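Before any comments, here is the structure.
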Amino acid sequence: MDKCAKCRKFQTKLFLKGDRCVTPKCALTRRNYRPGQHGPKTTSPRRSEYGLQLLEKQKAKAEYGMRERQFSNLFSKAGKSRKSTGEELLKLLELRLDNVIYRIGWAKSRAHARQLITHRFFTINENTVNIPSYSLKMKDIIKQRKHIELIKTTVPKWIKIDPKNTLAEISREPAREEIETDLDEQLIIEFYSR
Ligand code: ZN
């Protein structure tokens, strides 16, 4: 499926191809209704509770570029935390190495970040890591092995970047309101509690 066709399916800009979503090429802008519907309708059919929950889980998987198994594993890991499962799930998603590289602005999308990671562009605490799903911890230091220009200028507050832009540190856990997503984690919890 074309990356921006997913934007249309989930009715939100997923930035799977980076800046494509800010151009008119993004399917969400082009045709603002879901595939399978014939043109915009004045009243959209009500989705079932289950349908909404399933869609939200699929949206999260698409947004973060994850397979079913990986995602459900992450969800059960989040469930074991003493904190709220939803908040923990989003935190674990955010702390994936590919997401962090994307949030810093060292890659234009998470897919691009995954490509750089598998090509051994980064070290974590001096060790080369080529696993995009690598789960970062507090105080981990990510270094560029090959020089990468910064793509955007706003780096999340929980990540510290050195002035030379070659090194990043996870300075603290991301708070829920700092996580830039329109995912409704409650729907995902409901999906898995069925
Ligand atoms: Zn798009």
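Helices (runs of 4 or more DSSP H) fully within the range 67-122 that include at least 2 residues being hydroxyl-bearing (Ser, Thr, Tyr): 68-79. Of the residues in the range 52-66, how many are in a loop (DSSP other than H, G, I, E, B) and of a type in the set (Phe, Trp, Tyr)? So the count comes out to 0.
Lys25 passes every criterion in (1) surrounded by fewer than 18 Cβ atoms within 10 Å (Cβ to Cβ); (2) over 13 Å from the mean Cα position of the chain (by Cα); (3) at pLDDT 90 or above; (4) among the charged types (D, E, K, R) apart from (3). Of all the listed residues (Glu56, Glu87), the sole one being assigned by TED's automatic domain parsing to the domain that holds Arg8, under 19 Å from Ile159 (Cβ atoms) and in contact (Cβ under 8 Å) with a residue 60 or more places away in the chain is Glu87. Looking for whichever is of a type in the set (D, E, K, R) and within 14 Å of the chain's Cα centre (by Cα) here; the options are Arg110, Arg82, Arg120. Which one fits? Exactly one residue qualifies, and that residue is Arg110.
The values are calculated or read from the model by the stated rules, or taken from the named source; none is laboratory data. Only a predicted model underlies this, so the values are computations on that prediction, with no experimental measurement involved. Reconstructed Cβ throughout: ideal geometry from the backbone, glycine too, with neighbour counts over all protein chains shown.
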